[in-house]
Amino acid sequence: MTIANDARQLIDLAAQKKFSDLLFKPNTDGWKLLGRTVLTTHLIRQLSITDGQALINYFKFNAQMDLSEHRRPQIGAWHYRTADLTIDLRLATVGDFLNHESMVVRLLSRNANECEFINPQRYDQLQRLLSKRGLFLFAGPTGSGKTTLMYHLAQQLSTTKTVLSIEDPTEIVAPNFIQLQVNNDAQMSYGELLKISLRLRPDILIIGEIRDDQTAKMAVQAALSGHLVLATVHARTSGGVIQRMIDLGVSQTSLSNALTGCCYQRLILTTDQAMKVALDLLSPTEMASLIAHPRSKLFNWQADLQEAQQNGEITATTLAEYQDG
């Protein structure tokens with residue numbers, strides 16, 4: 001077996017098991033090779049020092065990373081393609097205080113069509129709001145399906161609309177979108193790409209993540225100028241999304257005028273072993289109340305999960321685990 005075959009089998013396994021990440025975690029005997037899903041992390045196997053380093057180097061080589069650097073942080077990208085599988089990989093490496101290198105390989109989705117919901121009415125409500133344009137904000141932990149949902153919504157409109165996305169990195173390949181990727185080394189920050197993107201006159205603008213006050217204010221301005229803007233922001237509840245935007249310096253008046261939709265989501269395992277989106281979507285009245293009096297709060301979340309548990313869609317254990325978001 002060659003190292004290329006080992007890498008191919010590993011990537012095929014990750015795609016088959018629907019891992020979001022492959023983790024190379026160093027220990028005294030080499031590396032633990034782990035696969036991460038939305039729900040948990042699985043041990044794939046233990047790698048020896050020799051085999052682990054060879055496999056890491058092979059991934060780094062294909063991602064155009066420096067093989068001689070084992071300590072400083074590096075990032076890379078590999079467009080992996082065989083006769084049976086095409087997938088984009090994003091790599092990140094860094095060494096610990098003993099110069100033992102850790103590596104994470106993120107498997108990026110090429111499909112934004114899979115969106116099922118705990119309460120389908122929330123999705124229907126969200127779709128109806130899209131016709132009003134404005135700013136739509138999505139929150140949820142890593143791996144909760146925020147990007148998939150944004151792309152899914154945009155793709156429903158892309159037959160007649162121009163869609164432009166700005167991400168770091170691009171997570172879903174959509175040939176019918178204009179897709180820009182952040183590259184700070186090339187002075188292509190979120191802010192710089194937002195400036196040029198508005199000159200390209202997109203109908204729909206996807207912002208992978210609002211991280212700072214400049215991006216927050218520009219997203220609001222884009223929404224106020226008539227664009228449909230879909231963006232993610234870090235928050236632990238739907239109410240916390242509004243609180244976060246105000247913390248980033250967006251005025252309550254601007255937010256009130258720009259914000260059309262606001263939600264928090266998680267991916268939840270159902271009793272039939274499917275992964276579905278639980279979505280806490282704020283009504284216009286709830287958004288207005290939170291803009292006037294910001295607070296971190298969930299609104300429809302517990303009621304939707306309790307109904308799902310009563311209908312046998314999720315277990316009582318799942319309800320207890322996710323009832324606070």
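Could you look through the range 135-177, keep only residues that are in a loop (DSSP other than H, G, I, E, B), without any contact (Cβ under 8 Å) to a residue 40 or more places away in the chain and not β-branched (Val, Ile, Thr), and pick out the one that is surrounded by the fewest Cβ atoms within 10 Å (Cβ to Cβ)? It comes out as Pro175.
Looking only at residues that are part of a strand (DSSP E or B) and more than 21 Å from Thr159 (Cα to Cα) in the range 178-188, which one is farthest from the chain's Cα centre (by Cα)? Of everything passing the filter in the range 178-188, Met188 is farthest from the chain's Cα centre (by Cα).
State the number of residues belonging to the range 46-68 that are outside any helix (DSSP H, G or I) and either closer than 30 Å to Arg266 by Cβ or in contact with a Phe, Trp or Tyr (Cβ under 7 Å, 6 or more places away or on another chain) (or both).
Matching residues across the range 46-68 total 3.
Could you tell me whether any residue of the range 87-99 is in contact with a Pro (Cβ under 9 Å, 6 or more places away or on another chain), farther than 20 Å from Ala14 by Cα and not in a strand (DSSP E or B)?
yes
Between Leu10, Leu85, the distinction of being more than 30 Å from Tyr322 (Cα to Cα) and at pLDDT 90 or above belongs to Leu10 only. Residues of the range 300-325 that are among the β-branched types (Val, Ile, Thr) and over 23 Å from the mean Cα position of the chain (by Cα): Ile314, Thr315, Thr317. Every test in (1) closer than 21 Å to Ile242 by Cα; (2) in contact with a helix residue (DSSP H, G or I) (Cβ under 9 Å, 6 or more places away or on another chain); (3) modelled with pLDDT under 95 is passed by Thr285 save one, and that test is (2).
Considering each residue of the range 191-204 in turn, none proves to be at pLDDT below 90 and closer than 29 Å to Val38 by Cα. Of everything listed in (1) under 16 Å from Asn57 (Cβ atoms); (2) crowded, with 16+ Cβ neighbours inside 10 Å, the single unmet condition for Arg71 is (2). How many residues does the range 110-128 contain that are surrounded by fewer than 18 Cβ atoms within 10 Å (Cβ to Cβ) and either modelled with pLDDT under 90 or of a type in the set (A, V, I, L, M) (or both)? Final tally of qualifying residues: 6. Applying the set (1) closer than 29 Å to Ala258 by Cα; (2) surrounded by 19 or more Cβ atoms within 10 Å (Cβ to Cβ) to Glu101 leaves exactly one unmet item: (1). One residue stands out among those in the range 288-312 that are in a helix (DSSP H, G or I) and polar (S, T, N, Q): the one that is nearest to Met245 (Cα to Cα), which is Ser289. If Gly191 satisfies every condition in (1) touching a residue at least 12 places away in the same chain (Cβ under 8 Å); (2) under 27 Å from Tyr123 (Cα atoms); (3) outside any strand (DSSP E or B); (4) under 20 Å from the mean Cα position of the chain (by Cα) but one, which is the exception? With (1) touching a residue at least 12 places away in the same chain (Cβ under 8 Å); (2) under 27 Å from Tyr123 (Cα atoms); (3) outside any strand (DSSP E or B); (4) under 20 Å from the mean Cα position of the chain (by Cα) applied to Gly191, the lone miss is (2).
For the range 124-134, the candidate set comprises residues that are touching a residue at least 60 places away in the same chain (Cβ under 8 Å) and not charged (D, E, K, R); within that set, the residue that is farthest from Val220 (Cα to Cα) is Gln125.
Search the range 27-43 for residues being farther than 13 Å from Glu101 by Cα, hydrophobic (A, V, I, L, M, F, W, C) and buried (at least 17 other Cβ atoms within 10 Å of the Cβ), and hand back the single one that is modelled with the highest pLDDT. This residue is Leu34. Residues considered: Ala235, Ala223. Of these, the only one that is crowded, with 22+ Cβ neighbours inside 10 Å, small (Gly, Ala, Ser) and in a helix (DSSP H, G or I) is Ala223. Listed by first and then second residue, the pairs linking a residue in the range 213-224 that is of a type in the set (Phe, Trp, Tyr) to a residue that is surrounded by fewer than 22 Cβ atoms within 10 Å (Cβ to Cβ) and in a helix (DSSP H, G or I), with Cβ atoms under 6 Å apart and 6 or more places separating them unless they lie on different chains, form an empty list. Scanning the range 191-201 turns up at least one residue that is surrounded by fewer than 21 Cβ atoms within 10 Å (Cβ to Cβ), in contact with a helix residue (DSSP H, G or I) (Cβ under 7 Å, 6 or more places away or on another chain) and not hydrophobic (A, V, I, L, M, F, W, C).
The values are calculated or read from the model by the stated rules, or taken from the named source; none is laboratory data. Since the structure is predicted, the reported quantities are computational estimates derived from the model, not experimental observations. With ideal geometry, Cβ positions are generated from the backbone for all residues, glycine too; neighbour counts draw on all protein chains shown.
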